[in-house]
Amino acid sequence: MDWGSVTAEDLIDALREVDWSSPPRPISEFFSRFTIPRSYSKWTSRFKCNLYYYRTNYFILIIFVLAVGFLLKPLAVVSAFLTGLSITSLNDSFAVTFNEKATRAVRQFSPHLAAKLRPPITPVIRGRSSTKRAIHICGQPRWVFVLISSIASCILWLTSCNLLSVLWALSIGLLATILHASFRSPNLKARLNTFREEFRAVWRNYSEL
């Protein structure tokens, strides 16, 4: 897999489509084998590779930094949770899984409300859906759910702590992610045997659309 030929748009689409339910990579692997890239092209290839491969670790790292930075402010911790939920809801597999679990939880005490949370049925013509099935969360289109949770997290951030402190904590988390993705040598065995096939499967789906 030539990561140098993968564009930023392809990487973003792959991160949106790939399954995020896999557990994070082991800590011993995450903090090992750091080297300086020999050229700019090597750096961009390594950065894209690590960003895709360690996606779960980076997400946990950023949310952890935000939560620890405001550990004594419960509203800020809730804000970090809502921020993470908004981001992960942009991933297709997470959005579908979250919607299913939320619907099951609601069904425990209100089957009628759970029925309303189900996404609308897509019309089928000659065995095929007439349009690509849109993803719904809690009965609403995904973009509505993401917008509401994002607005709620912003309001909680503004009311619970200083905006500058939030930006500093977020900058630290992003900087740690950039530094790790830049200097962590790609895991060659895992790259060849695991996530290469995942990425190719996602890429194959794009070509069929």
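The values are calculated or read from the model by the stated rules, or taken from the named source; none is laboratory data. Note that the structure is a prediction, hence the values are computed from the model and not measured. Glycine also receives a Cβ, built like all others from the backbone with ideal geometry; neighbour counts cover every protein chain displayed.
Some notes on this structure:
- Residue in segment 82-94 that is farthest from S150 (Cα to Cα), counting only those that are in a helix (DSSP H, G or I) and touching a residue at least 60 places away in the same chain (Cβ under 8 Å): S93
- Residues that are among the charged types (D, E, K, R) and surrounded by 13 or more Cβ atoms within 10 Å (Cβ to Cβ) were ranked within segment 133-187; the one that is farthest from T88 (Cα to Cα) is R184.
- Residue match in segment 45-53 (condition: on the phi < 0 side of the Ramachandran plot and touching a strand residue (DSSP E or B) at 6+ places or on another chain (Cβ under 8 Å)): yes
- For the condition assigned to a helix (DSSP H, G or I) and crowded, with 17+ Cβ neighbours inside 10 Å, I62 qualifies.
- Screening the candidates L72, L113, L15, L51 for the property of being at pLDDT 85 or above and not small (G, A, S) yields one hit, L51.
- Segment 136-179, residues that are within 15 Å of V68 (Cα to Cα) and of a type in the set (V, I, T): V166, I172
- Residue in segment 16-36 that is of a type in the set (F, W, Y), assigned to a helix (DSSP H, G or I) and out of contact with any helix residue (DSSP H, G or I) (no Cβ under 6 Å at 6 or more places or on another chain) present: no
- Across segment 89-113, the number of residues qualifying as in contact with a helix residue (DSSP H, G or I) (Cβ under 6 Å, 6 or more places away or on another chain) and surrounded by 18 or more Cβ atoms within 10 Å (Cβ to Cβ) comes to 6.
- Test: residue in segment 140-151 that is hydroxyl-bearing (S, T, Y), modelled with pLDDT under 85 and closer than 25 Å to D13 by Cβ: no
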